[in-house]
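Beneath this line is the structure, given in structure tokens, with notes to follow.
The values are calculated or read from the model by the stated rules, or taken from the named source; none is laboratory data. Note that the structure is a prediction, hence the values are computed from the model and not measured. Glycine gets a Cβ as well: all are built from the backbone with ideal geometry, and neighbour counts include every protein chain shown.
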Amino acid sequence: MQESPRFPVDYKFRPSDKELLGYFLYRKVSRILALPPQYDTIIRDCDLYGDLEPWQIWDFYKDDGEEEDMFFFTQLKKKSLNGSRINRSKVGLGSGSWQSEDDSANKVPPGELETKLGFKKRFRYENNASQEHDGAWIMHEYSLDSSLLEPRQPNDYVLCRIRRNVKAGKKIKNKL
């Protein structure tokens, strides 16, 4: 049995927005080139808009050496068949949803002269039923600009970076 290549012991995965879009997400969506196998344990496939709450996903995938960010490919779900609005509510037992913190998506890269790779949106997890986790999770969602893809090629995958919102946790503790 062949073992997949590993990263050095002290390796820190700190990709730029441009790398997340232009290298990782582009490879996933275009299906032209597969990601090297060692990234399977760093950027996982997970339905972030499905049954599991952010803390359940975090606990399930967290390794002992996990950093403050976790990365996932996830497929977007439309609110209606022919619509363009995305459903970011949890469908399981939880009653929370990812709420946008941005008025609009940020273009990546931000320079006017560079080719636009895609967009970055910031979300905060809100769950009124769970004071402990309400606002305690932040997600950056990266989506490719459709001009990079072939006509009629699906563009329903995004790459998400999730992290705990430490400031929200401190506010909750102070209220108790």
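I'd like to check something: does segment 5-25 contain any residue that is in a helix (DSSP H, G or I), among the hydroxyl-bearing types (Ser, Thr, Tyr), surrounded by 10 or more Cβ atoms within 10 Å (Cβ to Cβ) and modelled with pLDDT of 80 or more? Within segment 5-25, one or more residues are in a helix (DSSP H, G or I), among the hydroxyl-bearing types (Ser, Thr, Tyr), surrounded by 10 or more Cβ atoms within 10 Å (Cβ to Cβ) and modelled with pLDDT of 80 or more. In this structure, Asp45 does not satisfy being more than 16 Å from the chain's Cα centre (by Cα) and either surrounded by fewer than 16 Cβ atoms within 10 Å (Cβ to Cβ) or at pLDDT below 85 (or both). Just one of the listed residues (Lys62, Lys79) is farther than 27 Å from Val166 by Cα and either at pLDDT 70 or above or surrounded by fewer than 13 Cβ atoms within 10 Å (Cβ to Cβ) (or both), and it is Lys79. The numbered conditions (1) over 24 Å from Lys12 (Cβ atoms); (2) crowded, with 17+ Cβ neighbours inside 10 Å; (3) modelled with pLDDT of 70 or more are all true for Pro154 except (2).
Listed conditions (1) closer than 25 Å to Ser16 by Cα; (2) of a type in the set (Asp, Glu); (3) in contact with a strand residue (DSSP E or B) (Cβ under 7 Å, 6 or more places away or on another chain); (4) modelled with pLDDT under 70 are all met by Asp134, apart from (1).
Being modelled with pLDDT under 70 and among the charged types (D, E, K, R) is a description that does not apply to Lys116.
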